[in-house]
Amino acid sequence: MKLYTGTGDRGETSVIGGRVRKDDARVEAYGTIDELNSFVGAAVAALDPAKFADMREVLQGVQHELFDCGADLATLKTPPSGRPAAVTPQMVERLEALIDKYDAESPPLARFVLPGGTPAAAALHVCRTVCRRAERRVVALAAEQEVRGLAAVYLNRLSDLFFAMARAANAREGAADVEYIRGAKVFRRRTAPDETPPGTG
């Protein structure tokens, strides 16, 4: 089978339940998730297997779940078969448990954190920011079209997981987070779900 078909040469693509323009909000949403998946793959490749074997395993699992998100978003309407959405509440709960796990590896958060530190942490921060953009695309889509499943909720938690993992990656290598020094100390407790650097979500 050839990789090219020519069916999209007129600016349309197939989704589950029909065809849409390639600049449709639905395509933009699952296309951004595909972009995120590529950055997650790059992060896996960049993480030292000896130091970050657990993180690599988690991220590879996330890659499969991002495909699930894409499948839900690529569904134009609920299939007649009643096939359930791919993204489940259990997937979101698993992310929350992982956030708590990796957050516990890091020192208490006092100031906003800039992306950076070690190469591993920097790669995870890239994933976080692209994830936030994917979430915004899904929210925009949901404002005008039907969206199946919990993709927006999953992405919201996932960006927090990337943040927690980035800080844990720095901590494991004995590197301090890069704090935003122009601001005052703003956190009085450990990482909270929406307390990530401004402009990311």
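The values are calculated or read from the model by the stated rules, or taken from the named source; none is laboratory data. Just so it is clear, the structure is predicted and the values come from calculations on it, not from any experiment. Cβ atoms come from the backbone with ideal geometry, glycine included; neighbour counts cover every protein chain shown.
If we scan the stretch 139-150, do we find a residue that is buried (at least 23 other Cβ atoms within 10 Å of the Cβ) and modelled with pLDDT of 95 or more?
The answer is no, given that none of the residues of the stretch 139-150 is buried (at least 23 other Cβ atoms within 10 Å of the Cβ) and modelled with pLDDT of 95 or more.
So how many residues does the stretch 1-46 have that are modelled with pLDDT of 65 or more and basic (Lys, Arg)?
Summing the residues that are modelled with pLDDT of 65 or more and basic (Lys, Arg) in the stretch 1-46 gives 2.
Any chance the stretch 117-128 includes a residue that's charged (D, E, K, R), crowded, with 21+ Cβ neighbours inside 10 Å and either outside any loop (DSSP other than H, G, I, E, B) or modelled with pLDDT under 95 (or both)?
Initially, the stretch 117-128 is screened for residues charged (D, E, K, R), giving 128.
Going one step further and asking which of them are crowded, with 21+ Cβ neighbours inside 10 Å, we end up with 128.
Add one more test, that the residue is either outside any loop (DSSP other than H, G, I, E, B) or modelled with pLDDT under 95 (or both), and what stays is 128.
Yes: the stretch 117-128 contains one or more residues that are charged (D, E, K, R), crowded, with 21+ Cβ neighbours inside 10 Å and either outside any loop (DSSP other than H, G, I, E, B) or modelled with pLDDT under 95 (or both).
Test Leu98 against the criterion of being modelled with pLDDT of 95 or more, within 13 Å of the chain's Cα centre (by Cα), within 29 Å of Glu28 (Cβ to Cβ) and part of a helix (DSSP H, G or I), and give yes or no.
Spelling it out, it is not the case that Leu98 is modelled with pLDDT of 95 or more, within 13 Å of the chain's Cα centre (by Cα), within 29 Å of Glu28 (Cβ to Cβ) and part of a helix (DSSP H, G or I).
Report whether or not Ala166 is closer than 18 Å to Leu47 by Cα, of a type in the set (Gly, Ala, Ser), surrounded by fewer than 20 Cβ atoms within 10 Å (Cβ to Cβ) and at pLDDT 95 or above. Spell out the reasoning first.
Details: closer than 18 Å to Leu47 by Cα: yes; of a type in the set (Gly, Ala, Ser): yes; surrounded by fewer than 20 Cβ atoms within 10 Å (Cβ to Cβ): no; at pLDDT 95 or above: yes.
So Ala166 does not fit the description; no.
If the Cβ limit is 8 Å and pairs must be 6+ apart or interchain, which residue in the stretch 107-134 that is touching a residue at least 40 places away in the same chain (Cβ under 8 Å) and under 18 Å from Ala45 (Cβ atoms) pairs with which residue that is in a loop (DSSP other than H, G, I, E, B) and among the basic types (Lys, Arg)?
Ala120/Lys51
Failed condition for Ala152, given (1) among the aliphatic types (A, V, I, L, M); (2) more than 18 Å from Arg26 (Cα to Cα); (3) without any contact (Cβ under 8 Å) to a residue 24 or more places away in the chain, with all others met?
For Ala152, the exception is condition (2).
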